Structure formats: C-alpha cells, structure tokens
C-alpha cells in the first residue's frame with residue numbers, strides 16, 4: 001500500500017488512511033463479519049452474485065507491504081530502525097555489484113541480513129464522506145506529523161484542518177479535493193512487527 005507519510009507508518013503514529021472510493025468498488029461482510037472491499041470485474045449480473053468476477057482490494061486481517069510510491073518495492077527495515085527504500089541497491093552494494101533484478105533472490109538476501117519487509121494489517125474498514133473525519137481520526141491519519149511546529153504559541157492546533165491541507169496536497173483532480181467531499185474508504189491498520 002502506497003504511503004506519502006511512510007515514516008509515520010513505520011514509527012507507529014499513523015494508524016489510519018483514507019482512500020478514494022472508485023467506481024465499481026463495494027464492501028462485503030464475510031465470515032466472522034470480516035469486511036472486504038472488492039473491485040467489480042464488470043461482468044457481475046445486477047442484483048445477483050455481487051462478487052462474481054470481482055477481485056479483493058483490501059480485507060480486514062490481511063497484511064500489505066508499505067511502499068513509498070507507485071511501482072516502488074516495499075520498504076525494508078531492521079529492528080534497530082535502519083530502513084532502506086531501495087532494497088535492490090542495498091543488495092548490489094553489499095554483493096559487489098552482482099547482477100540482479102528485484103525478486104526472490106534479493107528478498108532472501110535481505111531476510112538473511114536482518115531486514116524485514118515493512119507491512120501493515122488492516123483492522124477495520126468503513127465507507128464515509130471525507131469531511132466526516134473526526135479530530136481524533138485526523139490525528140491518527142497525520143501521525144507524528146500532526147505535532148505543531150515548535151515555538152508556535154499563537155498557533156491553535158486542529159488536526160482536521162492539517163489533514164485537509166495534506167489531503168489537498170495529494171488529491172488535486174476535480175471531484176477528489178476536500179471541498180468536493182468525496183466518498184472514501186477509511187482504513188484502520190496496525191504495523192506488523
């Protein structure tokens with residue numbers, strides 16, 4: 001899962017994310033009330049078998065890799081807090097440039113050298129309007145970046161307002177901005193140790 005604020009995910013202070021609801025996405029309650037978001041494959045019959053030809057997008061209880069950007073490999077880290085955003089470069093440096101592409105060989109090498117893949121586990125999913133985010137949820141969205149700047153005694157601290165600014169810095173297309181109040185998936189998660 002891609003995070004602009006991956007540092008806050010890794011330090012455990014960011015525990016929620018909101019993602020735009022896209023056309024054809026729906027939520028279904030499964031066994032043990034496990035919520036799953038599906039993407040409609042476009043071939044389902046109206047009113048019948050809603051997840052025929054659909055694929056799972058997110059599910060409560062499942063884990064997902066933390067990525068710093070689209071198409072980039074997962075972040076790897078050590079228990080001492082060392083992280084690498086470029087596992088392949090790390091592998092190439094430590095193996096004297098042995099030719100390799102990202103894959104099982106590099107992943108195995110990273111594990112052998114004390115790195116683990118940064119992963120999150122989804123604990124709850126709900127669908128809501130963006131502006132319905134509470135101050136507490138906004139704080140959990142922002143993580144450690146929600147701390148007011150030092151020496152700003154006249155600044156009143158409002159996580160929801162800070163989250164609005166962050167949201168608009170990421171979502172710039174018409175219909176996705178804060179003022180448009182789009183529908184979002186509110187995902188709660190925990191860092192998997």
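The values are calculated or read from the model by the stated rules, or taken from the named source; none is laboratory data. Just so it is clear, the model here is predicted, and its values are computed rather than measured. Every residue, glycine as well, gets a Cβ built from its backbone with ideal geometry; the counts of neighbours run over all protein chains shown.
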*Consider residue 6 against the criteria (1) surrounded by fewer than 15 Cβ atoms within 10 Å (Cβ to Cβ); (2) at pLDDT 85 or above: it satisfies all of them except one. Which criterion is unmet?*
(1)
_Those residues of region 120-133 which are surrounded by 19 or more Cβ atoms within 10 Å (Cβ to Cβ) and within 20 Å of residue 59 (Cα to Cα), in sequence order_ = 120, 122, 125
*Which condition does residue 169 not pass, out of (1) surrounded by 17 or more Cβ atoms within 10 Å (Cβ to Cβ); (2) at pLDDT 90 or above, if it passes all the others?*
(1)
*residue 32 fails exactly one of the following numbered conditions: (1) surrounded by 13 or more Cβ atoms within 10 Å (Cβ to Cβ); (2) modelled with pLDDT under 75; (3) assigned to a helix (DSSP H, G or I). What is the number of that condition?*
(1)
*Return yes when residue 185 is touching a strand residue (DSSP E or B) at 6+ places or on another chain (Cβ under 7 Å) and modelled with pLDDT of 90 or more and no when it is not.*
yes
*Taking into account only those residues within region 87-136 that are closer than 30 Å to residue 34 by Cβ and assigned to a loop (DSSP other than H, G, I, E, B), which is modelled with the highest pLDDT?*
133
